[in-house]
Each structure stands twice: as structure tokens, then as C-alpha cells.
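J.: This is the structure I want to talk about, given as C-alpha cells.
Derivation of every value follows stated rules applied to the coordinates shown; laboratory data play no part. Source: prediction; values computed, not measured. Don't worry about glycine lacking a Cβ; one is built from the backbone with ideal geometry, like all the others, and counts go over all protein chains shown.
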Amino acid sequence: MRQVAVAAIAAFLDAPVTGDADRLIRGLSTPDCADSGDLVFVSSRRRTPDVITAGAVLAAPGVEFPEHTTIIRVPDPAAAMMRVIDWLFPATRVFADVSPAAVVDPSAQLGCDVGIGPLAYVGADVCIGDRTEIHPTATIGRGALIGDDCVIHTGVHIYPGTLVGNRVVLHAGVVLGADGFGYIREAMPPALATPDEPERLGKVPHVGRVVIEDDVEIGANSTVDRAMLADTCIGRGTKIDNLVTIGHNSRVGRHCIIIGQAGVSGSTVLGDYVTVAGQAGLAGHIRVGARAVVGAQAGVTKDVPAGERVLGSPAVDARIARKALALIDSLPEFKRRLADHERRLTDVERE
């Protein structure tokens with residue numbers, strides 16, 4: 001990044017400065033790793049001892065620092081740092097035109113300023129909106145629709161008929177529209193049947209779609225499966241971490257957060273603003289109400305009411321789960337004492 005004075009950062013944020021407003025900032029860092037040329041942000045009083053070496057601090061009013069500290073006072077330090085990052089590290093286009101090494105079907109419709117990298121594939125009847133970037137080795141199947149200002153990173157595979165809205169970011173390895181995991185047990189054909197193998201798993205056809213609404217971001221190597229008949233839908237503004245699986249026919253609401261290694265089974269519905277923490281698993285055909293929170297590694301097997309927090313496997317109200325978890329360390333002593341009481345009771349009964 002370029003060098004910039006503290007005063008310039010404060011002016012950009014329309015915020016007051018105390019300390020050395022002429023100090024030059026050469027980088028952005030965290031409080032525990034900062035040097036005298038770094039800008040950091042502090043949202044908690046507990047982090048103030050870490051910023052002694054920082055060049056300047058974004059901090060909320062009322063958070064106190066040593067006398068020599070240069071401080072830019074802002075209502076929300078984390079949000080202010082995000083604005084500074086966007087200002088000092090503006091997004092740049094990687095591909096602004098179509099590489100001659102890309103394969104684009106003649107029937108595909110490309111908007112203005114579409115960039116397509118080498119070895120990418122765009123199939124028949126695909127429609128790509130303005131200023132969208134397709135990075136190398138990405139594939140977009142027949143009839144897919146991609147909106148404006150999207151970024152499709154390397155190795156993304158968008159299956160035929162998938163709909164992607166505007167300003168969607170798909171990170172490396174994302175797969176949209178692969179068949180859902182659907183099979184039924186059926187009789188083996190007579191020519192192949194044997195006494196110990198009378199049945200097989202027959203594949204359920206998936207002829208639905210995946211629909212990704214505007215402003216969604218999906219992390220690396222996550223998958224959203226094609227619906228069997230209708231749509232698998234990811235709502236507007238939802239953010240999905242790496243290594244997440246969304247099963248067929250599921251519907252994820254608007255502005256949800258789904259964290260790494262979580263799994264949402266088929267035909268599950270998440271309301272708006274739901275949070276699903278890391279490694280949580282949701283069974284199929286359940287509903288999670290708006291603004292509910294599913295804790296890390298929770299196993300959800302039944303509906304979760306709106307606004308509720310659940311934890312554990314099987315998942316229960318988080319307050320109950322925490323009380324149960326707090327007892328785990330005492331279980332060996334509890335078992336010993338119970339065994340001792342049983343021995344005493346036996347002795348009394350013998351008398």
C-alpha cells in the first residue's frame with residue numbers, strides 16, 4: 001500500500017484525531033503484530049496493552065490508551081478498518097477481456113466488459129452479465145445465467161441451468177448444480193439378481209435448478225446441489241464459508257452465515273439471518289427459524305424456533321447444553337460417589 005498520513009485517514013473517515021496526525025502509516029496490522037508504521041483497530045478495552053508499538057489506532061470513544069498513542073476515534077472500529085482497507089486496497093480486475101485460450105460457445109451472450117481467463121469454458125446459451133470475471137479453468141454449463149459484477153474464481157464449476165445473481169463471488173473449487181444425493185432401493189434386474197444381492201440403489205433423477213441470489217459469497221470447495229424438481233435456493237446477501245455442503249431442495253434465507261464444514265441436508269429450510277457455526281450438521285426436512293443460531297458441531301434433528309440458540313448433538317437449547325457440558329468434568333467423581341452410596345445401601349440392607 002502507499003504511505004498515508006494519519007490525518008488523511010481521519011479525514012476519509014470524518015473522525016477526530018488525538019496524537020501525531022502527521023505520522024505516516026505504511027501498513028495495516030493486528031495489535032499484537034503491529035510496528036510503528038501500522039494502523040490497527042481495537043474494539044475492546046482488553047486489547048489496549050497490545051497497541052503500544054502501533055503507529056495509530058482506530059478506537060471507539062471511551063477506550064483509554066497510554067498518553068503517547070495516536071488515536072482516531074470512530075463509533076465502530078471494525079467497520080472503520082473495513083472502509084480503510086477498501087480505500088487503500090481497491091479491488092482490481094484480473095481479466096478485462098476474453099482470452100483467446102478460453103472456449104466460449106458462439107451462442108453464449110456476454111455483457112459489456114466481461115473478462116474470461118485462459119482455459120475457462122462457457123457453454124451454449126449461457127448469458128453472462130456486465131463486468132463479470134471468469135477465471136481460468138472455470139466451467140459454465142449450458143443455459144446458465146450469471147449476473148453483473150460477479151467473480152467466478154479458478155476451478156469453479158457451474159452446472160447447466162444454474163442461475164447466479166448480481167455481485168456474487170464464488171471462490172476456487174465451488175460447485176453449483178451437481179446432482180443431489182438421492183437414491184432409492186429397487187429390485188435388481190433379474191439377470192443380475194443373486195440371493196445375497198437382490199436389491200440395488202437406483203439413482204433419483206435431479207431436474208431442478210440451483211438459484212443463487214444477489215450479493216452471495218461462497219467459499220472455496222463448497223457445494224450447492226441441484227434440486228430434484230424445484231430449486232435449491234441461496235438467499236440474497238448470504239455468506240457461506242469453505243467446505244460447506246448445501247443439499248438438494250434446501251432453501252437458505254437472506255443474509256445467513258454458514259461457517260466452514262457445516263452441512264445442510266436436503267429439503268431443509270433456513271430463515272433469514274440464521275447463523276450455522278462450524279461443523280454443524282442439519283438433518284433433512286427441518287426448518288430453522290429466522291435469526292436462530294446453530295452452535296459449532298451441533299447436530300440438529302428437529303425444527304429450531306426463530307431466534308433460538310441450540311448446541312450439542314442432538315442439539316438442544318444452548319443454555320441447557322452449556323449446563324450439561326459443565327457437568328462432564330465432574331462425572332468421574334459423581335460415578336465414584338454413586339458407587340460408594342450403592343455399597344453403603346447394600347451394607348444397610350444386609351443388616
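J.: Straight distance only, please: which aspartates and glutamates reach the Cα of Lys239 with their own Cα at less than 15 Å, same-chain residues fewer than 8 apart left out?
T.: Straight-distance partners of Lys239: Glu213, Asp214, Asp215, Glu217, Asp272.
J.: To continue, here is another question. For Gly202, list long-range residues whose amide hydrogen, built 1.01 Å from N in the peptide plane, is under 5 Å from its own amide hydrogen.
T.: Sorted by chain and number, the residues that satisfy this are Ile184, Arg185, Glu186.
J.: Within 10 Å of each residue's Cβ, count the other Cβ atoms and sort Met81, Met1 from fewest upward.
T.: The most exposed by this proxy come first: Met1, Met81.
J.: Hey, what do the phi angles of the stretch 97-113 turn into as Karplus ³J(HN,Hα) couplings, whole Hz, using 6.51/-1.76/1.60 and θ = phi - 60°, x for Gly and Pro?
T.: Using θ = phi - 60°, the values come out as 8, 9, 5, x, 8, 7, 10, 10, 4, x, 7, 5, 10, 10, x, 6, 6 Hz.
J.: Kindly give the semi-axes, whole Å and largest first, of the ellipsoid equivalent to the chain, taking each as the square root of 5 times a Cα gyration tensor eigenvalue. Could you put the intermediate results ahead of the total?
T.: On the way: eigenvalues 372, 328, 48 Å².
One finds semi-axes of 43, 40, 15 Å for the chain.
J.: Using the Cα centre of the chain as origin and beta-carbon charges of +1 (Lys, Arg) and -1 (Asp, Glu), tell me which of Gly289, Thr346, Phe334 is placed farthest towards the positive end of the dipole.
T.: Thr346
J.: Across the stretch 237-249, in residue order, what do the Karplus-derived ³J(HN,Hα) couplings come to in whole Hz, using 6.51 cos²θ - 1.76 cosθ + 1.60 with θ = phi - 60° and x for Gly and Pro?
T.: Once θ is set to phi - 60°, the couplings for the stretch 237-249 become x, 6, 10, 10, 7, 5, 6, 10, 10, 10, x, 5, 6 Hz.
J.: Hey, another quick one. Just the ratio, please: alpha-carbon radius of gyration of the stretch 80-168 over 2.2 N^0.38 Å, N its number of residues.
T.: Numbers: Rg = 13.5 Å, N = 89, 2.2 N^0.38 = 12.1 Å.
Relative to the rule-of-thumb radius for its length, the stretch 80-168 sits at 1.12.
J.: Could you pull out every residue, at least 5 positions away or on a different chain, whose amide H is within less than 5 Å of the one on Asp272? Hs are placed 1.01 Å off N in the peptide plane, and Pro or chain starts have none.
T.: Under 5 Å from the amide H of Asp272 lie the amide H atoms of Arg254, Ala290, Arg291, each far enough along the sequence or on another chain.
J.: With charges only on Cβ, +1 for K and R and -1 for D and E, what is the dipole size of the stretch 130-227 about its Cα centre, in debye, rounded to 20?
T.: Values: 8 positive and 14 negative charges, 57 e Å.
My answer is approximately 280 debye.
J.: Return the percentage of antiparallel bridges among DSSP beta bridges fully within the chain, rounded to the nearest 5 %. Walk me through the numbers before you get to the answer.
T.: Values: 12 of 78 bridges.
So the antiparallel bridges amount to about 15 percent of the total.
J.: In whole Hz, what ³J(HN,Hα) sequence does the stretch 184-192 give by Karplus (6.51, -1.76, 1.60; θ = phi - 60°), x for Gly and Pro?
T.: Karplus values, whole Hz, x for Gly and Pro: 10, 6, 9, 5, 5, x, x, 5, 10.
J.: In deg cm²/dmol, rounded to 500, what helix-only [θ] at 222 nm does the chain give when every DSSP H run of at least 4 residues adds -39500 (n - 2.57) and the total is split over its residues? Numbers along the way, then the final one.
T.: Details: 4 runs with 49 residues, N = 351.
Only helices count here, giving -4500 deg cm²/dmol.
J.: Right, another one. So what is the relative contact order for the chain, in percent, with contacts set as C-alpha pairs under 8 Å and at least six apart? Provide the component values of the computation, followed by the final result.
T.: Numbers: 978 pairs, mean separation 21.8, N = 351.
About 6 percent, as a whole number.
J.: In addition: Roughly how many Å is it from the Cα centre of the stretch 53-80 to that of the stretch 308-345, as a whole number?
T.: 44 Å
J.: List the trypsin sites (Lys or Arg not before Pro) in the stretch 106-194 that DSSP assigns to loop (not H, G, I, E or B) and whose Cβ has at most 16 other Cβ atoms within 10 Å. Which are they? Mind showing how you got there, number by number?
T.: On the way: sites: Arg131, Arg142, Arg167, Arg185; in loops: Arg131, Arg142, Arg167.
The qualifying sites are Arg142.
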